[in-house]
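**Q** Here it is, the structure in full.
The values are calculated or read from the model by the stated rules, or taken from the named source; none is laboratory data. What you see is a predicted model; the values in this text were computed from it and never measured. Positions of Cβ are backbone-derived with ideal geometry, glycine not excepted, and every protein chain shown enters the neighbour counts. For the accessible areas, the whole protein counts, side chains as well, though only heavy atoms, and no ligand, DNA or RNA atoms are used. Shrake-Rupley method; radii C 1.70, N 1.55, O 1.52, S 1.80 Å.
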Amino acid sequence: MIEIGAQVDLSHPPDRVWRALTDRKLLGRWFAEADTVEGVADRLLLHTAELPGFEANVEVEVTERQEAALLVLACDEAGRLSELTCAVTATSQGCRLEVREVTTHGAWSADQHDPREQQLRQALTVRLPAILDWLAFQQVDLRRADGGMTTELPLIGAPGSSGRTHRRRRTLVAVLVTGAALLAGTAAWITVPPESTPTAAPVSTGSPSPSVPAGTTAAARTATPSVRPSRSTASASTRPSRTPSAQPPSPPASAVPPPPPAPPVPMVARYETDSSRLFGYTGAVVVGNPGGVPVADWAVVVTLGEGTTVDDVDGANWRQDGRAITFTGAAVAAGGSQTISFDVRDSRPKAREPESCTIGGQPCAGL
């Protein structure tokens, strides 16, 4: 009897881990693709032929099942039989998952045992936690069914003080508005220049004035003071200018050509591999704007390796043309950055980085 085993402590509840173990689609994301066997209940075909330590696909059948606690599978790999046990135990931080496989007929060679155990440990410690984190994010209650989240925050105060608080606020607002109106009116009154007081016309005594002919009408006598030149105007107009007359006049503003606009600062980008999984990896591209103005027209082109496809993208819009993935998004603020994260599925076990990454035709750093 040859045994392979591994265990991992996870910061997730047992029911979430149980779902990752028993959901066929989720199992394909962290361990191996699985197909149902037609006509046979509780039986799956795991596509493990290309995994390290496996020689063929494995046919498994559930022999014991305790919800969120224990799962026992009978495995058949091209005539080599084994029993796989998955035990889930709750802990204060989440749960502990222990996986153990024991041969019941046949044996693994020395070249199979170590790679097979290493493959199992990698799946439990790297890819499974990533899938559990993704599940946890999917289960977050954002209250979308209630019309979305609200920015209104409750007021915290003594019981019965809510009405008084609102009345005080309304009174304060009314006082502030009234005070602002009074201040505006006072400022307007101060800045308006006082009107000149009209000079009363001389009272007619019935006899002509010595300086005015007898035939002059009252309207003419009244209009006479208005054509009298003002002393202040005359003195201001006759004051000689101190500015030298020899100074050449300045050219009009329209004659001076405006300076040419500064060329835009090119965008920059950096590629990183966040995590590697059994059949893929998670890549990230950080787009940076070192210029002084926002840039909206930018595009990142990532060329994937042969046999890889994009599963999910966060932080940008994207389209795929063959192996080239083009990412675009919202404007990047001056001096700001935007992070694009994308999951890549690889048809071969060994994860590979993209072949190239460019922004505006310039290569990304880090690749």
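**Q** Would you kindly state how much longer the chain becomes between V72 and E3 on full extension, computed as 0.36 nm times their sequence separation minus their alpha carbon distance, in nm to one decimal?
**A** 23.4 nm
**Q** Within region 351-367, whose backbone N sits under 20 Å from a point 7 Å along Cα→Cβ of Q320?
**A** Counting only backbone N, you get 351-358.
**Q** If W318, W298 are ordered by their accessible area, calculated over protein heavy atoms with a 1.4 Å probe, which sequence runs from highest to lowest?
**A** Greatest to least solvent exposure: W318, W298.
**Q** While we're looking at this one, here's another question. Which GluC sites (Glu not before Pro) in region 1-59 pass both tests, a DSSP loop state and at most 10 other beta-carbon atoms within 10 Å?
**A** On the way: sites: E3, E33, E38, E50, E55, E59; in loops: E33, E38, E50, E55.
Passing sites in region 1-59 are E38.
**Q** Return one whole number: the accessible area per residue of region 1-144 in Å², for a 1.4 Å probe.
**A** Details: 7860 Å² over 144 residues.
Heavy-atom accessible area per residue stands at 55 Å².
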